[in-house]
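Notes follow the structure.
The values are calculated or read from the model by the stated rules, or taken from the named source; none is laboratory data. What you are looking at is a predicted structure, and each value in this text was computed from that prediction instead of being measured. Methodologically, a virtual Cβ is constructed for each residue, glycine included, from the backbone with ideal geometry; neighbour enumeration extends over all protein chains shown.
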Amino acid sequence: MNRAALRKRSDATLRELGFYLDEINDHVEKEEYIFSDPVRFMHEFTLKQDKEVAGFLAALLAWGRRDIVIAKSAELFMRMGSSPYQFVMKYGQPEFKYLEGFKHRTFRAEDLHGIILSLKSILHDFEDFEAFWADCYRKAQQTRRPLIALFREQFLNQSNGMLKRTLKHISTPEKGSPCKRLFMYLRWTIRKNSPVDPGIWDFMTPAELQIPLDVHVARQSRRYGLLTRKSNDWEAVQQLTATLRKLNKDDPARYDFALFGLGALNCALPGKYLLNKEY
């Protein structure tokens, strides 16, 4: 791959490009999108606590092809019964038999065991999962650390059944991770007035969200000069989000749909906006 510095889009042409990105976003972010995305599992439940638990677990499994992620998430929720929340609240060693044999890539039943024990502890101590995130948010504000870093630290502290191998499934920006799955979960829970994202939480605003950065989003962002950092890491997340805030300061994460559409749904931008053809 060409090692030359990537070209960055000017603010003037960024505003022009934003018009087309908004059009693509409106085309992609429709109710029909739900069925083919892991966010669907938040829509399948009525109780807020069920939505929270189902969304979190589906987000943690969102690794690889979407159809496989959806199939594996559906399998997990079938094992858990009609209420993921009640399964978590009643979970103990005897219930491990319902998880035994579950596998998705490197994610195993023993990973779920530690994660569910942590969720159970949290949901006993807090009104709901949002209240736990809100507590992490307050601590992050006080210590000036990234929210996801505080979340990971507090989440892991809630369980003494967490295996060392499970830690990689709960990422942190303090180790350079883009934390794509956790930012996607926050997009689902925080964004309002979306036909796709349920927006059931209020502890922070959509303006504070970071873009969920995956391979497709990063590639398209570099092609069109929205991102010049070559590594898909925490710094890249911050750089891209800052650029997207110039287009919509109140809801930068909405462009996740447009950038995903460019990379995976054959949406297109006018050729004149392509800055880095090697991507």
Spans of helices (runs of 4 or more DSSP H) in the stretch 68-165 with at least 2 residues at pLDDT 95 or above, farther than 20 Å from F41 by Cβ and among the hydrophobic types (A, V, I, L, M, F, W, C):
129-143, 147-157
Hey, among F45, F35, F41, which residue is surrounded by fewer than 17 Cβ atoms within 10 Å (Cβ to Cβ) and not charged (D, E, K, R)?
F35
Do you know which residues across the stretch 194-209 are surrounded by fewer than 15 Cβ atoms within 10 Å (Cβ to Cβ) and touching a helix residue (DSSP H, G or I) at 6+ places or on another chain (Cβ under 7 Å)?
P195
All conditions in (1) farther than 29 Å from F41 by Cα; (2) out of contact with any helix residue (DSSP H, G or I) (no Cβ under 9 Å at 6 or more places or on another chain) are true of N266 except (1)
Has the stretch 33-43 got any residue that is free of Cβ contacts under 8 Å to residues at least 60 places away in the same chain, of a type in the set (K, R) and within 23 Å of K180 (Cβ to Cβ)?
yes
Of all residues in the stretch 154-190, which are without any contact (Cβ under 8 Å) to a residue 12 or more places away in the chain and under 18 Å from F129 (Cα atoms)?
N157
Residues within the stretch 215-226 that are surrounded by fewer than 18 Cβ atoms within 10 Å (Cβ to Cβ) and part of a loop (DSSP other than H, G, I, E, B), tallied
0
Quick check on the stretch 227-251: of everything there that is more than 16 Å from the chain's Cα centre (by Cα) and part of a helix (DSSP H, G or I), which residue is nearest to P173 (Cα to Cα)?
E235
Could you tell me which residue of the stretch 240-274 is nearest to S10 (Cα to Cα), considering only residues that are modelled with pLDDT of 95 or more and polar (S, T, N, Q)?
T243
From the list M184, M204, which residue is part of a loop (DSSP other than H, G, I, E, B) and closer than 21 Å to F56 by Cα?
M204
Go through the stretch 191-214 and give me each residue that's of a type in the set (A, V, I, L, M) and touching a residue at least 40 places away in the same chain (Cβ under 8 Å).
V196, I200, M204, A207, L209, I211
Quick one: would you say P212 is surrounded by 18 or more Cβ atoms within 10 Å (Cβ to Cβ), touching a His at 6+ places or on another chain (Cβ under 8 Å) and part of a loop (DSSP other than H, G, I, E, B)?
no
